[in-house]
Amino acid sequence: MLNIVLFGAPGAGKGTQAAYIKVRYELVHLSTGDILRAARKSQSELGKRVAAIMDSGSLVSDEIVNELVAEQLKSNPGAKGFIFDGYPRTVAQAETLDRMLSENGKSVTVTLMLNVPNEELSRRMIKRAQEKGRTDDTPEVIASRLLVYERETMPVAAFYRSQEKLADINGLGSEGSVLDRLIEAIDGASKR
Ligand code: AMP
């Protein structure tokens, strides 16, 4: 089983690259951000509970996202593997993911860290706001999301580095050239 964590700041290109990797390796794409946005759109109880938190740029509670991921793992028993996009975002989530996978004798294969400088991240998110109209892509919320990333999510990189599962990837350049770097890292890690 190939379990890939795609890691990086908001705007680093996780969603775009996850879509390519999903097709190439026949994985289930698991984006907690997409699941939460769908919940908001359908105006479910969950959607109503998380709307304000998402609009502020803060993180939804570990309990809620871990539960969403547990449901996805359960509902895809025959999957060849998963590409986790935007999850885990805290060390507590990373520990929970390890536990959920190990209950089925599985583990994270590799964590790919997409590195993009902050100025470029802001530029990409402002562009995305114009194209997709995401409610959390305003300049104030973008700044707050980058701070939340540094404070709460960066420690997850150290967590995987200590397990020798972190691959640093240059996230600048064309989509195709970034994808080539990701594929090289995935193929290298899955041979080990
Ligand atoms: P994303 O599309 O991954 O940037 O997620 C959009 C928003 O959804 C984030 O700013 C958070 O409010 C929330 N969110 C998505 N994934 C997570 C997660 N793993 N943990 C906590 N909050 C999350």
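The values are calculated or read from the model by the stated rules, or taken from the named source; none is laboratory data. None of these values were measured; they are calculated from a predicted model. Note that we place each Cβ from the backbone using ideal geometry, even for glycine, and neighbour counts take in every protein chain shown. Note: accessible area is taken over every heavy atom of the protein model, side chains too, but ligands, DNA and RNA are not part of it. Shrake-Rupley method; radii C 1.70, N 1.55, O 1.52, S 1.80 Å.
Here are the criteria: (1) at pLDDT below 95; (2) in contact with a Lys or Arg (Cβ under 6 Å, 6 or more places away or on another chain); (3) not aromatic (Phe, Trp, Tyr). Tell me which single one residue 169 does not satisfy.
(1) is the only condition that residue 169 fails.
Select from region 81-115 the residues that are closer than 18 Å to residue 162 by Cβ, among the acidic types (Asp, Glu) and away from the ligand (no atom under 14 Å from the Cβ) and list them in ascending order.
Result: 98, single match.
What are the residues in region 134-145 that are open to solvent by 20 Å² or more (accessible area, probe 1.4 Å) and outside any helix (DSSP H, G or I), if any?
Within region 134-145, 134, 135, 138 meet the criteria.
Looking at region 67-92, which of its residues are closer than 19 Å to residue 148 by Cα and either basic (Lys, Arg) or open to solvent by 20 Å² or more (accessible area, probe 1.4 Å) (or both)?
Answer for region 67-92, where residues must be closer than 19 Å to residue 148 by Cα and either basic (Lys, Arg) or open to solvent by 20 Å² or more (accessible area, probe 1.4 Å) (or both): 89, 91, 92.
Looking at region 146-165 only, could you name the residues that are within 11 Å of the ligand (Cβ to nearest atom) and either touching a helix residue (DSSP H, G or I) at 6+ places or on another chain (Cβ under 8 Å) or open to solvent by 30 Å² or more (accessible area, probe 1.4 Å) (or both)?
146, 152, 156
Six or more apart or on different chains, Cβ atoms under 8 Å: show the pairs whose first residue is in region 124-147 and aliphatic (A, V, I, L, M) and whose second is open to solvent by 50 Å² or more (accessible area, probe 1.4 Å) and in a helix (DSSP H, G or I).
Short answer, once both residue conditions are applied: 126/139; 141/55; 141/56; 142/126; 146/118.
With (1) more than 11 Å from the ligand (Cβ to nearest atom); (2) modelled with pLDDT of 95 or more; (3) open to solvent by less than 60 Å² (accessible area, probe 1.4 Å) as the list, and residue 129 as the residue in question, which single condition is left unmet?
In the conditions (1) more than 11 Å from the ligand (Cβ to nearest atom); (2) modelled with pLDDT of 95 or more; (3) open to solvent by less than 60 Å² (accessible area, probe 1.4 Å), residue 129 misses (2) alone.
If we scan region 108-131, do we find a residue that is assigned to a loop (DSSP other than H, G, I, E, B), under 24 Å from residue 71 (Cβ atoms) and in contact with a helix residue (DSSP H, G or I) (Cβ under 8 Å, 6 or more places away or on another chain)?
yes
From the list 78, 11, 47, pick out the single residue that is more than 10 Å from the ligand (Cβ to nearest atom) and modelled with pLDDT under 95.
Within the list 78, 11, 47, the selection yields 78.
Considering only region 17-44, state which residues are more than 12 Å from the ligand (Cβ to nearest atom), in a helix (DSSP H, G or I) and among the hydroxyl-bearing types (Ser, Thr, Tyr).
20, 25, listed by residue number.
Taking region 50-69, which residues are of a type in the set (S, T, N, Q), out of contact with any Lys or Arg (no Cβ under 9 Å at 6 or more places or on another chain) and either free of Cβ contacts under 8 Å to residues at least 12 places away in the same chain or within 7 Å of the ligand (Cβ to nearest atom) (or both)?
61
For residue 12, only one of the following conditions fails: (1) surrounded by 17 or more Cβ atoms within 10 Å (Cβ to Cβ); (2) not in a loop (DSSP other than H, G, I, E, B). What is its number?
Tallying (1) surrounded by 17 or more Cβ atoms within 10 Å (Cβ to Cβ); (2) not in a loop (DSSP other than H, G, I, E, B), residue 12 fails exactly one: (2).
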